[in-house]
Amino acid sequence: MSSPPAKLLTSWNIAAALFGLSVIFFWPTWVALYEFWGSTNRFSHGPLIVGISAYLFYRQREQLNSLASASSIPALVPVFALITIWMIAVLASVQAIQFAVLPLILWFMVLSILGWKSARLLILPVAYLYLAIPIWESGNFVLQWLTVKAVGFALWVFQVPAYIEGNLVSLPAGSFSVDGGCSGLHYFIISIALSVLYGALYLRSTRNRILLIALAVGAALLTNWLRVFIVVY
């Protein structure tokens, strides 16, 4: 009579239960995040990222079940600290912080219950969720700056007279503003998402995975720069 409960208490089932409970506990934030995905094109890929993250988590079930659970009491400290930060962010209506701490809470919960070996296997599935969280918006100005510089260089190569001030490109025929939507942030995130997924599924070498991500990001940036340049030209 004792064998069925033992089979239910596998590491993967426990981790899945923790994720499910966290979704219920932080439900208002998940709903707000889902609504954010529907309000902007730059993060419309959010539901797909969550689905892929769930699949990457599912792929680890056999490895998780082969590991003996070893709870880590010290890991409860960051769990409670992050939950406190989340509660303060809820009270202050700061959604960016609410979104940012969600994956960290999930991971530290696994670490505290199942131990480091299990938590290490789930670094990628949990970290993958950050591709659906708008922490990338804070670096959008860098991509804008790079786009302006790339377009300015291309105009110089093609001998098109232009005066560039900030994000404004002034031409004899008119002016073009490189706004946030022209930064290529969506291309940037999607290139990371696809290359990380491909590397996780088909590449064993860490070096090859990093190289693939670098090539994918470079291709995404070049594609966006070309897109903007064609519009300006």
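Report whether or not Arg209 is under 30 Å from Ala127 (Cβ atoms), at pLDDT 90 or above and either acidic (Asp, Glu) or more than 20 Å from the chain's Cα centre (by Cα) (or both). If you could, list the steps in order and put the result at the bottom.
On the way: under 30 Å from Ala127 (Cβ atoms): yes; at pLDDT 90 or above: yes; either acidic (Asp, Glu) or more than 20 Å from the chain's Cα centre (by Cα) (or both): no.
Taking the combined requirement at face value, the residue does not satisfy it.
Hey, among Asn140, Asn224, which residue is touching a residue at least 12 places away in the same chain (Cβ under 8 Å) and within 16 Å of the chain's Cα centre (by Cα)?
Working: Asn224 fails: within 16 Å of the chain's Cα centre (by Cα).
Going through Asn140, Asn224 in turn, just one is touching a residue at least 12 places away in the same chain (Cβ under 8 Å) and within 16 Å of the chain's Cα centre (by Cα): Asn140.
Return only the number of the condition from (1) in contact (Cβ under 8 Å) with a residue 24 or more places away in the chain; (2) among the aromatic types (Phe, Trp, Tyr); (3) farther than 14 Å from Val148 by Cβ that Phe229 does not satisfy.
With respect to (1) in contact (Cβ under 8 Å) with a residue 24 or more places away in the chain; (2) among the aromatic types (Phe, Trp, Tyr); (3) farther than 14 Å from Val148 by Cβ, Phe229 is out only on (3).
Can you name the residue in segment 167-201 that is of a type in the set (Ser, Thr, Tyr) and at pLDDT below 95 and is also nearest to Val217 (Cα to Cα) among such residues? Spell out the reasoning first.
Step one: of segment 167-201, the residues of a type in the set (Ser, Thr, Tyr) are 170, 175, 177, 183, 187, 191, 195, 198.
Remaining after also requiring at pLDDT below 95: 170, 175, 177, 183, 187.
Details: Ser170: 28, Ser175: 29, Ser177: 24, Ser183: 13, Tyr187: 8 Å.
Per the criteria, the residue is Tyr187.
Are there helices (runs of 4 or more DSSP H) fully within segment 1-113 with at least 2 residues that are in contact (Cβ under 8 Å) with a residue 24 or more places away in the chain? List them. Reasoning before the result, please.
Values: elements: 3-8, 11-25, 27-39, 46-59, 61-65, 76-92.
It comes to 11-25, 27-39, 46-59, 61-65, 76-92.
The values are calculated or read from the model by the stated rules, or taken from the named source; none is laboratory data. Owing to the predicted nature of the structure, the values given are computational and were not obtained by experimental measurement. Cβ: placed from backbone, ideal geometry, glycine included. Neighbour counts: every protein chain shown.
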